[in-house]
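**Q** Dumping the structure here so I can ask a few things about it.
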């Protein structure tokens with residue numbers, strides 16, 4: 001009898017499932033693409049029923065049909081960082097799950113919560129400052145704008161927790177994700193803080209806290225009927241995609257760092273103790289006794305996608321395959337432009353600025369244009385703008401007391417050598433590249449094996465991955481990029497008053 005593990009991730013623009021064995025060999029995969037819903041007034045959502053639950057069920061049924069479902073020993077689940085109010089039956093009380101910091105609806109609520117508790121008190125308890133990444137103010141937004149939804153909520157759950165609750169009937173949230181529900185989570189005590197819940201929600205409306213490496217519950221008969229899986233199969237505590245992605249590339253030891261080039265760029269650096277920095281986010285990691293610092297850039301791959309759709313419509317139409325060839329064509333044009341983009345500078349804050357500026361009112365800027373500049377200049381400048389922000393975040397991690405021993409890059413941006421080289425050149429940090437990157441669903445499968453006992457300990461992830469190469473900083477570009485970095489930061493400082 002074979003032993004299989006199933007990992008399914010619901011990302012910003014696609015859902016992916018992978019079926020592996022305990023040695024990490026991939027036996028089947030399935031992908032479904034979808035879109036973000038930009039609803040205006042800073043609101044960005046996913047439809048919880050059709051995307052989160054519907055696509056999870058479709059992927060599960062497809063992959064379970066490839067093997068004997070009784071041989072699937074564990075299920076791991078991840079989802080884009082999010083929040084959803086559900087009723088006592090774990091049904092959504094509104095169609096859309098509210099997404100991460102790219103959703104900026106809660107700016108006034110951030111200000112109100114800060115005024116109510118005091119910024120210093122919040123930081124002392126939560127270990128984080130409030131921003132549009134924080135879910136506490138978004139829960140308060142529901143109270144202010146959708147009071148009946150807020151009042152009738154049995155729980156406010158993470159997207160992955162919603163899926164797990166539908167599968168098992170159990171509501172849980174990982175410590176990893178709970179820290180981003182600031183100011184509700186106490187970082188030192190690793191529990192919900194009743195005082196910080198005042199005015200936002202009742203503590204009883206928050207899920208049970210568990211570690212990501214734990215079993216949250218087992219599939220019920222209803223969950224089995226919807227997914228084609230077997231009742232009684234263990235399901236891990238769901239987690240946001242960034243946590244599962246970090247694990248998928250072997251980021252488990254202190255000093256190991258993930259740089260995820262996704263729709264948003266995300267950095268997670270593992271530490272052996274909690275570190276706090278107002279410009280970053282701090283949380284427990286996936287396992288007891290582990291911690292991490294995080295930094296995020298709200299528009300990374302979403303910025304390159306916007307530029308592709310805006311300036312590369314001719315290539316997208318000629319491509320006919322969804323735009324992948326258009327990305328390559330524009331990347332080739334960018335590669336032909338020299339470092340520094342001949343003076344074009346892009347501030348990539350097209351959905352506000354997350355780390356390290358934490359300014360939801362920041363906006364994207366294209367600076368230094370001349371008539372001789374081309375689409376390739378703009379595209380390369382956008383890549384370099386994101387790379388400048390990455391470098392700024394990594395610098396802030398060092399100031400917080402963390403040391404980057406090893407950085408592993410993952411995500412769609414790793415297909416773009418120009419972008420990778422610009423990041424290493426600007427930050428002066430080498431990046432390891434995995435031979436194959438499956439994504440968060442691969443980390444989910446590993447967590448399923450760990451929680452179910454099929455895998456002995458977390459160090460075994462090293463046997464699942466192979467590093468194919470390293471992108472080292474090019475010293476020839478140091479002076480150019482030092483000047484660009486100075487100009488980049490000065491441009492923000494001298495224009496922020498205009499926004």
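**Q** Could you check, for segment 257-274, whether at least one of its residues is under 23 Å from residue 460 (Cβ atoms), touching a helix residue (DSSP H, G or I) at 6+ places or on another chain (Cβ under 9 Å) and modelled with pLDDT under 95?
**A** Looking through segment 257-274, at least one residue is under 23 Å from residue 460 (Cβ atoms), touching a helix residue (DSSP H, G or I) at 6+ places or on another chain (Cβ under 9 Å) and modelled with pLDDT under 95.
**Q** Follow-up question, since we're still on this one. Does segment 1-45 hold any residues that are touching a helix residue (DSSP H, G or I) at 6+ places or on another chain (Cβ under 6 Å) and within 27 Å of residue 109 (Cα to Cα), and which are they?
**A** Answer for segment 1-45, where residues must be touching a helix residue (DSSP H, G or I) at 6+ places or on another chain (Cβ under 6 Å) and within 27 Å of residue 109 (Cα to Cα): just 11.
**Q** May I pose another question? Mind listing whichever residues of segment 100-113 are farther than 18 Å from residue 199 by Cβ and either out of contact with any strand residue (DSSP E or B) (no Cβ under 8 Å at 6 or more places or on another chain) or crowded, with 22+ Cβ neighbours inside 10 Å (or both)?
**A** 100, 101, 102, 103
**Q** Among the residues in segment 88-96, are any crowded, with 19+ Cβ neighbours inside 10 Å, closer than 16 Å to residue 30 by Cα, assigned by TED's automatic domain parsing to the domain that holds residue 21 and at pLDDT 95 or above?
**A** Checking segment 88-96: not a single residue is crowded, with 19+ Cβ neighbours inside 10 Å, closer than 16 Å to residue 30 by Cα, assigned by TED's automatic domain parsing to the domain that holds residue 21 and at pLDDT 95 or above.
**Q** Any residue in segment 153-171 that is free of Cβ contacts under 8 Å to residues at least 60 places away in the same chain sitting within a Cβ distance under 9 Å of a residue that is crowded, with 24+ Cβ neighbours inside 10 Å? List the pairs, counting only those 6 or more apart or interchain.
**A** 170/164; 170/207; 170/216; 170/235
**Q** Now, a different point. Identify all residues within segment 90-113 that are in contact (Cβ under 8 Å) with a residue 24 or more places away in the chain and not in a loop (DSSP other than H, G, I, E, B); write none if there are none. Before the answer, list the steps.
**A** Narrowing segment 90-113 to residues in contact (Cβ under 8 Å) with a residue 24 or more places away in the chain: 90, 92-107, 109-110, 112-113.
Hits for segment 90-113 are 92, 96, 97, 98, 99, 107, 109, 110, 112, 113.
**Q** Taking segment 114-137, which residues are part of a helix (DSSP H, G or I) and surrounded by fewer than 24 Cβ atoms within 10 Å (Cβ to Cβ)? Before the answer, list the steps.
**A** Within segment 114-137, the first condition is being part of a helix (DSSP H, G or I), and the residues that meet it are 114-117, 119-126, 135-137.
114, 115, 116, 117, 119, 120, 121, 122, 123, 124, 125 - these are the residues of segment 114-137 that are part of a helix (DSSP H, G or I) and surrounded by fewer than 24 Cβ atoms within 10 Å (Cβ to Cβ).
**Q** Which ones in segment 199-227 are over 19 Å from residue 74 (Cβ atoms), in contact (Cβ under 8 Å) with a residue 12 or more places away in the chain and outside any helix (DSSP H, G or I)?
**A** Once the filter is applied, which keeps residues that are over 19 Å from residue 74 (Cβ atoms), in contact (Cβ under 8 Å) with a residue 12 or more places away in the chain and outside any helix (DSSP H, G or I), segment 199-227 yields 199, 200, 201, 206, 207, 208, 209.
**Q** Inspect all residues belonging to segment 474-483 and state whether any of them is within 21 Å of residue 11 (Cβ to Cβ) and assigned to a helix (DSSP H, G or I).
**A** Checked segment 474-483: no residue is within 21 Å of residue 11 (Cβ to Cβ) and assigned to a helix (DSSP H, G or I).
**Q** Can I ask one more? Within segment 423-459, can you find the residues that are within 18 Å of residue 406 (Cβ to Cβ) and assigned to a helix (DSSP H, G or I)? Outline the logic, then answer.
**A** First, the residues of segment 423-459 that are within 18 Å of residue 406 (Cβ to Cβ): 423-424, 427-435, 437, 443, 458-459.
Once the filter is applied, which keeps residues that are within 18 Å of residue 406 (Cβ to Cβ) and assigned to a helix (DSSP H, G or I), segment 423-459 yields 423, 424, 427, 443, 458, 459.
**Q** If you don't mind, there's one more thing I want to ask. If you go through segment 357-390, how many residues are surrounded by 20 or more Cβ atoms within 10 Å (Cβ to Cβ), at pLDDT 95 or above and within 24 Å of the chain's Cα centre (by Cα)?
**A** Residues that pass the stated criteria total 12.
**Q** Looking at the structure I just gave you, is residue 208 surrounded by fewer than 23 Cβ atoms within 10 Å (Cβ to Cβ) and at pLDDT below 95?
**A** Here the answer is no, as residue 208 does not meet what is asked.
The values are calculated or read from the model by the stated rules, or taken from the named source; none is laboratory data. Quantities reported herein were computed from a predicted structural model and do not represent experimental measurements. We place every Cβ from the backbone using ideal geometry, glycine too, and count neighbours over all the protein chains shown.
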